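Novice: Take this structure first; my questions come after.
The values are calculated or read from the model by the stated rules, or taken from the named source; none is laboratory data. Please read all numbers here as calculations on a predicted model, not as lab measurements. Positions of Cβ are backbone-derived with ideal geometry, glycine not excepted, and every protein chain shown enters the neighbour counts. We work out accessible area using only protein heavy atoms, side chains counted, and drop any ligands, DNA or RNA first. Shrake-Rupley method; radii C 1.70, N 1.55, O 1.52, S 1.80 Å.
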Amino acid sequence: MCGIAGIIGGNVKENEFKLDLMLNIQNHRGPDYTGKYIENDFVLGHNRLSIIDLNPQSNQPMVSACGKYIIVFNGEIYNYKELKEILIYPYKTNGDTEVLLAAYIKWGENCLEYLNGMFAFGIYDIGKKQLFAARDRFGVKPLFFAQTKDQFVFASEIKTILSTEIVNRNWNEKTWANYLAFGQYAELSNTFYQNIFQLPASSKLIYKEGKLQIDKYYNFEEKISNYDWSNVGLNEVKGKLLETLESSIKYRLIADVKKGFNMSGGMDSTLLFELIKKELNPDLTEAFTFYTNNINYDELNWVNQILKGSKIPLNKCLLDVNEVPDFAEKIQYYQDEPYSGIATLAYAKTFEKARENGVVVVLDGSGMDELVGGYDYYSNNTNNIIQGLTSEPFRINALNKELLKLASKTKPEKIFKSKLQNLQFRDIFRTKLPRDLRMTDRISMAFGVEMREPFLDHRLVEIGFSLPDELKIQQNQTKWIMRQVLKGYVNKSIAEAPKRPIQTPQREWLSNELKLWVMDMIKIAIDKTNLLDKKEVLKEVDNFMKNDNSNSFYIWQWVNIGLMCNKI
């Protein structure tokens, strides 16, 4: 896991100065080594977090043996050993970067079809004066870019590009409108900034002579159409899921550094732990979970049950209410855009502790809910994108009326015959998963920790998504098929426990201990932006503080605006 950056076009001396600034700003993503490659018409930079092949020969930017190509790469190619065996190349390293470079030299853009991993990379062809870049199938790793008449700039973080002053810092009002009105974060290519874009998941780009071309390389819909489960028995389905999941886990345990995993009390963490514990050396592995000292929300009892009998140490990471204001400001610096509240802060504590303990790779159970129908709104006939809420999470009346005109809600596309699959597709590629991956990438990399998600192996996602609806939800029980797999490892009560949203005492804290801080942040949001209607906001805040604090989603949105104003 690393940080990448580059500038194509412009004055080389100015570009080298800007590149140094960019690499310094995102140094937290790769504190082990910073490298750059300078030519008259382009500059490339890299921040390295050493995971596989710790030898300095694997530092980047890396130049091909023929001298024609230079690569900067963020992520992991998990099947690099298999690819290395079939690619003839004069290797000098034992890492995956050189294999990726060899794959591009052999197959060109088609190399993406062979990759199993999470990645964002750029390869510059010196002869063609062309940049080729790509992002993994589900967008685990980020890639942002900006373009002017004469230059193209890319990086792993938005703040990195903003530091160049090549583009301004104006906010994208339509993105803000969708977020405040419907809870939608930036989708596809848009960000919360007007002139900065992200390469969408499953996409590749070519930049040459001032022209930019972006194409989708992974046709998920076509892949799903190739699956037919009509004559496949339940045991065979379970076997296929288990076999693929075990393969995915083994891939994601490949590392030359100390490893760990995040725990909650849910079945996702339980299944992950049951499958990886036999692969782990307890002396070189640690578990992490967060808590807030509130018995109504903390899952320590569940986590202790799951780890019972294991020799793997559990790190209990406390988020105290008194540290929220300062920690929220710190995490906002790394997030660049809005994030989802106190739960994100609590989760960040696990990565902070991991780095403190020398754990650089952390496995996580993200993705299962989207994979096999885990959210409550999959079965209660709503089009929500927020799990666990029973009341309206937004306050449209409190928005600037002109801003509200720009808002448009993302509805499930009717791609598949199954309504459930259409909701899953929306969540995987448009709403929930992109949001969650964005936030977790930024909080893990804030502390120089690589997060890996075994449930997001594209082979497993395709299998799980393609299954009939009745194997995902039965009698309102979500993730049914995965529960059947889990029953082979744990008792029935754990396997059939209902999904619990990851929660913290956010609403209680915001309306009590953090009340003054909340008011300060919202005042900044009102005074420094034109996003909100002051009168309506103050009315809603007063009601939240005095009468009804059952829903704090919209309060955090407004607090988050204040946090972002402080970082502009």
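Novice: According to a simple spin-label model (label point 7 Å from Cα along Cα-to-Cβ), what is the distance in nm between residue 329 and residue 281?
Specialist: Those two pseudo-labels are separated by 4.3 nm.
Novice: Follow-up question, since we're still on this one. Could the peptides 408-416, 504-512 be put in order, highest first, of the mean number of other beta-carbon atoms found within 10 Å of their residues? Show your work: numbers first, answer last.
Specialist: Values: 408-416: 13.2, 504-512: 20.2.
For the peptides 408-416, 504-512, the packing ranking is 504-512, 408-416.
Novice: Rolling a 1.4 angstrom probe over the protein heavy atoms, how many square angstrom per residue are accessible across region 42-155?
Specialist: Values: 3870 Å² over 114 residues.
For region 42-155, the per-residue accessible area is 34 Å².
Novice: Hey, another quick one. For residue 408 and residue 534, FRET efficiency with R0 = 25 Å and r from the beta-carbon atoms, rounded to 0.05?
Specialist: The value I calculate is 0.50.
Novice: What number comes out for accessible area per residue over region 240-285 if the probe is 1.4 Å? Units Å², please.
Specialist: Value for region 240-285: 37 Å² per residue.
Novice: Still on this structure, I have one more. Using helices alone, I'd like the mean residue ellipticity at 222 nm for the chain: each DSSP H run of four-plus residues gives -39500 (n - 2.57), total over residue count, nearest 500.
Specialist: The per-residue figure over the chain is -11000 deg cm²/dmol.
Novice: Roughly how many percent of the accessible protein surface of region 1-99 is carbon and sulfur, given a 1.4 Å probe and a whole-percent answer?
Specialist: Working: 1990 of 4030 Å².
With neighbouring chains kept in place, the figure for region 1-99 is 49 percent.
Novice: In µm²/s, what is D for region 12-57 at 10 °C and 1.306 mPa s, where D = kT/(6 pi eta Rh) by Stokes-Einstein and Rh is the Kirkwood radius from Cα pairs?
Specialist: Details: Rh = 11.2 Å.
Taking Rh from Cα pairs, D becomes 141 µm²/s.
Novice: Can you order the peptides 33-45, 150-162, 234-246, 328-340 by their average number of other Cβ atoms within 10 Å per residue, highest first? Can you show the working numbers first?
Specialist: Numbers: 33-45: 18.2, 150-162: 23.7, 234-246: 15.3, 328-340: 20.7.
Most protected by this proxy first, the peptides run 150-162, 328-340, 33-45, 234-246.
Novice: Looking at 379, 408, 393, which one has the Cα that reaches farthest to the positive end of the dipole of region 364-480 (charges on Cβ: Lys, Arg +1; Asp, Glu -1)?
Specialist: 408
Novice: Okay, moving on. Based on Cβ point charges of +1 for Lys and Arg and -1 for Asp and Glu, what charge dipole magnitude is obtained for region 398-485 about its Cα centre, in debye rounded to the nearest 20?
Specialist: 460
Novice: Just to verify a number: what accessible area does residue 19 come out at with the full protein assembly present, 1.4 Å probe, Å² rounded to tens?
Specialist: Approximately 0 Å² for this residue.
Novice: How big is the accessible area of residue 283 in square angstrom, nearest 10, if you roll a 1.4 angstrom probe over the protein chains?
Specialist: 130
Novice: Next up: So how far apart, in nm, are the two label points at residue 295 and residue 318 if each is 7 Å from Cα heading toward Cβ?
Specialist: Distance between label points: 1.7 nm.
Novice: Output the peptides 21-29, 290-298 sorted from most to least packed, where packing is the average of other Cβ atoms within 10 Å over each peptide's residues. Kindly include the intermediate steps, with their values, before the conclusion.
Specialist: Values: 21-29: 20.4, 290-298: 16.7.
So the peptides 21-29, 290-298, ranked by packing, come out 21-29, 290-298.
Novice: Provide the gained length on full extension for the span residue 243 to residue 55, in nm with one decimal, where the gain is 0.36 nm per separating residue minus the Cα-Cα distance. Spell out each step's value before the answer.
Specialist: Working: separation 188, 0.36 × 188 = 67.68 nm, distance 3.29 nm.
Difference between extended and current length: 64.4 nm.
Novice: Set the Förster radius R0 to 41 Å, insert the Cβ-Cβ distance between residue 459 and residue 523 as r into 1/(1 + (r/R0)^6), and round the FRET efficiency to 0.05.
Specialist: So, using R0 = 41 Å, E works out to roughly 0.25.
Novice: Keeping all protein chains in the complex and leaving out DNA, RNA and ligands, what accessible area do you get for residue 444 with a 1.4 Å probe, in Å² to the nearest 10?
Specialist: 0
Novice: Let me ask something else. Compute the FRET efficiency between residue 232 and residue 109 as 1/(1 + (r/R0)^6), taking r as their Cβ-Cβ distance and R0 = 25 Å, and round to the nearest 0.05.
Specialist: With a Förster radius of 25 Å, E is 0.15.
Novice: Can you pull the percent of Cα pairs in the chain with separation above 45 Å?
Specialist: 13
Novice: What part of the accessible area of region 401-476, given as a whole %, is carbon or sulfur when the probe is 1.4 angstrom?
Specialist: About 51 percent, which is the carbon plus sulfur part of the accessible surface.
Novice: Alpha carbon centre of region 291-353 versus region 390-409: separation in Å?
Specialist: So the two Cα centres are separated by 30 Å.
Novice: Just to be sure I understand the curve: with the Debye formula and one point per C-alpha of region 76-175, what is log10 I(q)/I(0) at q = 0.10, 0.22 Å⁻¹?
Specialist: Taken in order of the listed q values, log10 I(q)/I(0) reads -0.36, -1.18.
Novice: Can you list the lysines whose alpha carbon sits under 21 Å from that of residue 405, skipping same-chain ones fewer than 8 residues off?
Specialist: Reachable lysines: 174, 528, 534, 535.
Novice: Given a 1.4 Å probe and heavy atoms of the protein chains only, how would you sort 20, 369, largest accessible area at the top?
Specialist: Values: 20 65, 369 15 Å².
From most exposed to least exposed: 20, 369.
Novice: If you don't mind, there's one more thing I want to ask. What percent antiparallel are the DSSP beta bridges of the chain, to the nearest 5? Could the numbers behind the result be given before it?
Specialist: Values: 54 of 70 bridges.
Bridges in the chain that DSSP calls antiparallel: roughly 75 percent.
Novice: For residue 116, which sequence-distant residues (separation of 5 or more, or a different chain) have an amide H within less than 5 Å of its own amide H, given hydrogens modelled in the peptide plane?
Specialist: HN-HN under 5 Å from residue 116: 78, 79.
Novice: Are there any chymotrypsin sites (Phe, Trp or Tyr not before Pro) in region 174-241 that are in a DSSP loop and have at most 15 other Cβ atoms within 10 Å? List them by number.
Specialist: Values: sites: 176, 179, 182, 185, 192, 193, 197, 207, 217, 218, 220, 227, 229; in loops: 185, 192, 217, 218, 227, 229.
Sites meeting the loop and neighbour criteria: 217, 227, 229.
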